[in-house]
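Read through the structure below, which is laid out as structure tokens, and then see the notes.
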Amino acid sequence: MTHLLLNIDPAAVDWARAQFALTAIYHWLFVPLTLGLALIMGIMETCYYRTKDEFWKRTAIFWQKLFGINFAMGVATGIILEFQFGTNWSNYSWFVGDIFGAPLAVEGIVAFFMESTFVAVMFFGWKKVSRGFHLASTWLTGLGATFSAWWILVANSWMQYPVGCAFNADTMRNEMVSFAEVALSPFAVNKFCHTVTSAWIIGALFTVAVSCYYLLRRREQKLALKSIRVGSIVGMVGILLAMHTGDGSAYKVAQVQPMKLAAMEALYNGGESQGLTAIALVNPFSQPDYANEEAPALKIDIPYALSFLATRDINGFVPGVNDILNGGYKNADGTIEPSVDRKIVSGKKAIAALKDYRQLKSSLKGNQPTADEEARLTSLKEEIDNNMKYFGYGYVTDKASLVPSIPLCFYAFRVMVGLGTLFLLFFAVSLFLSFKADLAEAKFKWYHIVAIALVPLGYICSESGWLVAEFGRQPWAIQDMMPTWVGVSNVGSASVALTFFIFLALFTTLLAVEISILLKAIKKGPED
């Protein structure tokens with residue numbers, strides 16, 4: 001790690017980040033629909049199991065077919081995403097592979113095999129196994145997909161809030177000391193709940209939209225009306241839970257990633273009794289001059305709301321960008337936050353001590369150290385341990401690089417919240433109409449059109465949430481531990497750029513193929 005300040009190709013870093021972002025964005029187009037439809041098809045088949053009505057069996061098979069199309073495409077992009085840790089981010093993988101690799105290994109060995117096993121029974125076992133076993137297979141397929149998401153999100157959450165690990169100076173690696181602490185991190189639990197419930201919203205929007213397409217075409221009306229009712233219930237439950245877990249996510253971010261929260265709110269100078277920004281004029285095309293601006297222009301906020309969101313106290317202190325850079329404020333645990341300058345000094349001490357430690361160990365060539373050498377090694381290890389908390393800051397040369405894109409975080413957060421509010425209103429109306437009116441009537445054509453139009457907005461909402469989560473923690477690959485430019489592989493930027501465009505063409509083709517197959521399957525409708 002100590003040599004990684006040298007020979008950094010900025011273009012390689014940018015292309016590696018762009019390639020990973022491209023793969024992640026495309027992959028997330030498939031994942032939420034998989035998780036959402038898993039719940040929908042499970043409910044449909046449960047209705048069949050309870051009623052023995054062949055209508056529900058036909059309906060379940062139809063939604064399972066759409067689930068299968070989307071599931072296959074998601075697997076392809078997910079595999080490529082994980083391989084990039086070895087190809088483009090090998091220094092990152094070396095430094096924390098013992099920790100980061102564990103949840104990914106569990107996901108691959110347990111979750112993926114679980115869903116791939118039971119998905120075969122779900123698709124091909126209708127006439128080969130009992131109704132009860134088939135129902136269990138359907139739910140276990142969905143559970144396997146959700147279980148897979150759990151381990152992926154555990155790995156991602158560890159990057160945002162690294163816990164359960166200790167640095168080993170002899171191996172130059174962070175090593176896991178508590179698997180339970182990593183797997184059951186409060187940050188990971190909340191992130192998982194928020195992500196999965198938001199995926200239910202995508203599945204519900206898709207279900208209602210497909211059903212409305214049939215109502216517009218005057219076909220499959222019973223299937224459409226029943227599916228709208230199920231989709232509306234799932235959507236309403238999903239949006240309410242997503243709002244609750246979103247509040248919890250914001251609270252966790254305030255505790256462990258205050259710079260992300262400050263960027264989301266365009267909060268330059270914090271304080272007590274802070275309001276939650278509703279509207280503000282933030283230039284979307286350039287980073288604001290936060291050092292000299294008090295607040296964005298035309299700012300309208302909800303009094304005390306941000307303080308309550310971040311501290312659970314309407315009078316709580318919320319640090320802004322400048323507060324975090326300058327330090328000196330009291331944290332929730334009573335400690336005084338050091339300035340970024342002090343963190344950089346501490347990080348450089350850790351790097352220098354690690355370098356000296358490695359050189360001294362290398363000079364011994366396996367021989368037993370003398371008493372003085374042993375004392376020197378012990379002293380260096382203490383220096384490393386005392387400053388390891390801010391190890392990543394030792395690679396920072398410009399404090400401005402520690403401030404993420406404020407315009408992107410600010411507007412992406414408001415797109416997510418605004419569209420979430422729209423979905424809450426839509427599902428409330430949809431749920432009411434599905435029980436109180438005949439949505440097959442021509443006068444509800446406006447509802448059918450709105451439902452179909454909301455599907456792409458659901459994906460925009462979901463992707464916006466991930467933009468906030470990932471851009472908000474920049475420049476860290478691992479919060480406070482490793483900046484992105486330290487984690488890249490020693491590969492030429494031209495090679496990464498070439499594969500970027502290959503993946504762009506491949507993923508775009510996969511997406512076009514999936515949409516084409518889905519549309520054909522929807523147009524064909526359920527089979528008799």
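See the values below:
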quantity	calculated
Surface/4 of the Cα convex hull for the chain, nm²	28.0 nm²
Histogram of C-alpha separations across the stretch 40-87, 5 Å bin width, %	5, 21, 19, 12, 11, 9, 8, 7, 4, 3, 1
Nearby lysines by direct alpha-carbon distance to residue 361 (threshold 24 angstrom, same-chain neighbours under 8 apart not counted)	348, 349, 381, 389
Distance from the stretch 399-424 to the stretch 352-383 (C-alpha centre basis), Å	47 Å
Gained length - residue 335 relative to residue 376, 0.36 nm times residue gap less alpha-carbon distance	11.7 nm
Where the chain is the region considered: accessible area per residue in Å², 1.4 Å probe	45 Å²
Exposure rank, largest accessible area first [194, 448; 1.4 Å]	194, 448
Above-threshold pairs, the threshold being 26 Å between Cα atoms, out of 52/222; 191/520; 191/399	191/520; 191/399
Modelled label reach - residue 386, point 7 Å along Cα→Cβ, the stretch 326-364 residues with backbone N closer than 13 Å	346-347, 349-350, 353
Residue 508 versus residue 442: modelled label distance in nm, points set 7 Å from Cα along the beta carbon direction	4.2 nm
Label zone at residue 127 (point 7 Å along Cα-to-Cβ), backbone N below 17 Å, the stretch 486-528	527-528
Full-extension gain in nm, residue 120 to residue 520, via 0.36 nm per residue minus C-alpha separation	141.8 nm
Percent carbon-and-sulfur accessible area, the stretch 284-439, ignoring ligands, DNA and RNA, probe 1.4 Å	56 percent
Phi-based couplings in Hz for the stretch 298-311 (Karplus 6.51, -1.76, 1.60; Gly and Pro marked x)	6, 7, 10, 10, 9, x, 6, 5, 5, 4, 5, 4, 8, 10
Sequence-distant residues sharing a close amide H with residue 271 (under 5 Å, placed H)	318, 320
GluC sites (Glu not before Pro) lying in DSSP loop within the stretch 271-303, provided at most 15 other Cβ fall within 10 Å	293, 294
Potential lengthening between residue 312 and residue 359 on full extension [0.36 nm per residue; Cα-Cα distance subtracted]	12.1 nm
Mean Kyte hydropathy of 0.0 or more with a Cα span along the axis of at least 27 Å, helices from DSSP in the chain	10-51, 54-87, 131-160, 186-216, 221-256, 406-436, 445-471, 493-524
Amide H partners (placed H, <5 Å) of residue 165, local residues excluded	177
Under-5 Å amide H pairs with residue 173, H placed in peptide plane, nonlocal only	168
Cleavage-rule hits (trypsin sites (Lys or Arg not before Pro)) in the stretch 168-226: DSSP loop, at most 12 neighbouring Cβ within 10 angstrom	218, 219
Contact order relative to length of the chain, as percent, for alpha carbon pairs under 8 angstrom and 6 or more apart	21 percent
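The values are calculated or read from the model by the stated rules, or taken from the named source; none is laboratory data. Because the structure is a prediction, the values reported are computed rather than measured. No Cβ is skipped: glycine too gets one built from the backbone with ideal geometry, and neighbour counts run over all protein chains shown. Surface accessibility is based on the protein's heavy atoms, side chains included, excluding ligands, DNA and RNA. Shrake-Rupley method; radii C 1.70, N 1.55, O 1.52, S 1.80 Å.
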